[in-house]
Number of protein chains: 2
Amino acid sequence: MIIKDDKEKAIVDAATRLFLDKGFASTSTTEIAKEAGCNQALVHYYFRTKERLFEAVFAGKFEAFASSILEISQEDLSFEEKLRLKIESHFDMLHENPKLPMLIAYELNTNPKRLDSMKEKLGNLPAKVFANFQEELDKEIALGNIRPIKIIDLIYSMLALNISIFIIGPIMKSFVGLTDDMYENLIANRRKENVDMLLNSLRP
Amino acid sequence: MIIKDDKEKAIVDAATRLFLDKGFASTSTTEIAKEAGCNQALVHYYFRTKERLFEAVFAGKFEAFASSILEISQEDLSFEEKLRLKIESHFDMLHENPKLPMLIAYELNTNPKRLDSMKEKLGNLPAKVFANFQEELDKEIALGNIRPIKIIDLIYSMLALNISIFIIGPIMKSFVGLTDDMYENLIANRRKENVDMLLNSLRP
DNA sequence: ATCATATTTAATAGCTCTATTAAATAGCAA
DNA sequence: TTGCTATTTAATAGAGCTATTAAATATGAT
């Protein structure tokens, strides 16, 4: 048999799907087992508790999510080009994981323990990267290329614009009655619009 | 006794607090009863099911939320001024109900039934108001005051910018380690920033 | 005061969920 | 093959949750 029948991975995959769809609290280990095609006890054999299973899923996803914001680009491009690329790649990552922002936002907002544990995990990485970024920003400001702005405001604007479409979008789609095509169109349009708005907002 | 000891209201209030804090699935009727200072059976006496209690809470909150977007302003002001007021009052409503966007977004995204029921409830109101708004927008576009834009994009931008601070903000506050004062400052700043970004994005 | 109705509680049925345990089975090294 | 370990399952303990029922208590009208 070439493909090893890896139940542990099947469980993580099933759990990921279900947690993303219905959230942590509304997903049972019984359901996860069924979705993974195994006995419910096996879920606990590999992960002991539902909480630990969630952490296994969540930590990985959150890391991918955070690194897409925090990683410093190396390319030798103009500031504007670098920023544009950053915004777009962040947007694309979200587009590939459209349900991730909702899960992360919800779990961190409703569960103080998870917020603390993620803060712990990240350590002073955010502060460090922010400081780096701010330096780069300040150079551009000194050159008069962009208006004075704090990095936290810029990052917040990017997060706000990029994340929201995947949270508000599905609701709008239903309320306004968009077809799948129209919806994909809306998303593609937002990708462009978000970049424009952000770059625009930096003009001196 | 002047103040009637209205347990029904106490139950709704307790439920509202708890649902906003921890979400629907993680809140039990037992907990609601304890918080409201009554027996658990009383919760079911008044509302029969937890689902119905949630709907009683949710419908009211959602209505307030939706109307803050949909209502048409009557004032005799310039388009820009009207828009500015709309953005600001929407922001202020959220500021007074900071946990509401998370609850609504989460419940509508993870529970198709609620999405359908809200869509039903709203009927064609969104389409109607959008059409009205678009007309007004088109007039300004024809005058060359603003660039061509679809109302759905404008509303989405407003929602994205205004809502996000109350979803991302608490997480940022923890990760970056902001004091309460710094956080309130950030929020006040976003109120201004959001208006600027939105009006900016309309320039021809 | 009496009765009817509304409110509130105690008790509990019935379910589902998490987690554990012990037994069965599979996989593999010697 | 035998025996050892890893995987998988069946069974179930124990807890909590929703919802109902019947009884107790409060309220208000006559």
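Given charges of +1 on the Cβ of Lys and Arg and -1 on the Cβ of Asp and Glu, with all other atoms neutral, how large is the dipole of region B:59-204 about its Cα centre, in debye to the nearest 20?
Working: 18 positive and 22 negative charges, 102 e Å.
Value, rounded to 20: 480 debye.
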> Put +1 on the Cβ of each Lys and Arg and -1 on the Cβ of each Asp and Glu in chain B; which of B:201, B:163, B:145 then has its Cα farthest toward the positive end of the dipole?
Replying inline: B:163
>> Quick check: at a probe of 1.4 Å, how many percent of the accessible area of chain B sits on carbon and sulfur atoms?
In response: 54 percent
> Between the helical axis of A:151-172 and the dominant principal axis of chain A, each derived from Cα atoms, what acute angle in degrees is found, rounded to the nearest 10?
Replying inline: 50 degrees
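Averaged per residue, what accessible area in Å² does chain B show with a 1.4 Å probe, protein chains only? Don't jump to the answer; show the numbers that get you there.
Numbers: 10460 Å² over 204 residues.
Accessible surface, normalised per residue, equals 51 Å².
Which value, in debye to the nearest 20, gives the size of the charge dipole of the protein assembly as shown about its Cα centre, when Lys and Arg are +1 and Asp and Glu are -1 at the Cβ? Let's see the in-between values first.
Working: 54 positive and 62 negative charges, 205 e Å.
That gives a dipole near 980 debye.
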> What is the interface area between chains B and A, defined as buried accessible area summed over both chains with a 1.4 Å probe, reported in Å² to the nearest 100?
Replying inline: 4400 Å²
> Given label points at 7 Å from Cα along Cα→Cβ, what nm distances, shortest first, separate residue B:81 from the same residue in every other copy?
Replying inline: 4.6
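I'd like the per residue volume of the convex hull spanned by the Cα atoms of region A:54-200, given in cubic angstrom. Don't jump to the answer; show the numbers that get you there.
Values: hull volume 18.7 nm³, N = 147.
Looking at region A:54-200, the number lands at 127 Å³ per residue.
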> What gaps in nm, shortest first, separate residue A:177 from its twins in the other copies when you place the label 7 Å past Cα toward the beta carbon?
Replying inline: 5.4
> Residue by residue through region A:76-87, which ³J(HN,Hα) values in whole Hz follow from phi under the Karplus form 6.51 cos²θ - 1.76 cosθ + 1.60 (θ = phi - 60°), with glycine and proline marked x?
Replying inline: 8, 10, 5, 4, 4, 5, 4, 5, 4, 4, 4, 4
>> Using only the alpha-carbon atoms, how far is helix A:125-142 inclined from the longest principal axis of chain A? Give it as 0 to 90 degrees, nearest 10.
In response: 20 degrees
> Can you list, shortest first and in nm, the gaps between the label point of residue A:21 and those of its counterparts in the other copies, using a point 7 Å from Cα in the C-beta direction?
Replying inline: 3.1
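Is the protein assembly as shown best put as rounded, prolate or oblate by its Cα gyration tensor, with a ≥ b ≥ c the root eigenvalues, rounded for a/c under 1.5, and otherwise prolate when a/b is larger than b/c, oblate when not? Please report the intermediate quantities before stating the final value.
Working: a/c = 1.64, a/b = 1.16, b/c = 1.42.
Taking the square roots of the gyration eigenvalues as a ≥ b ≥ c, the protein assembly as shown is oblate.
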>> Between region B:48-95 and region B:143-204, what is the separation of their alpha carbon centroids in Å?
In response: 17 Å
> In chain A, what residue has the beta-carbon at the shortest distance from the axis of the rotation relating A to B, and what is that distance in angstrom, rounded to the whole number?
Replying inline: A:25, 2
> For region A:117-204, rounded, prolate or oblate, judged on the Cα gyration tensor with a ≥ b ≥ c (square roots of eigenvalues), a/c < 1.5 rounded, else prolate if a/b > b/c?
Replying inline: oblate
> By how many degrees, 0 to 90 and rounded to 10, does the Cα axis of helix B:7-22 deviate from the longest principal axis of chain B?
Replying inline: 60 degrees
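The values are calculated or read from the model by the stated rules, or taken from the named source; none is laboratory data. Bear in mind the structure is a predicted one, so any value in this text is a computation, not a measurement. Positions of Cβ are generated from backbone atoms using ideal geometry, with glycine treated the same way; all protein chains shown enter the neighbour counts. What goes into the accessible areas is simple: the full protein's heavy atoms, side chains included, and nothing from ligands, DNA or RNA. Shrake-Rupley method; radii C 1.70, N 1.55, O 1.52, S 1.80 Å.
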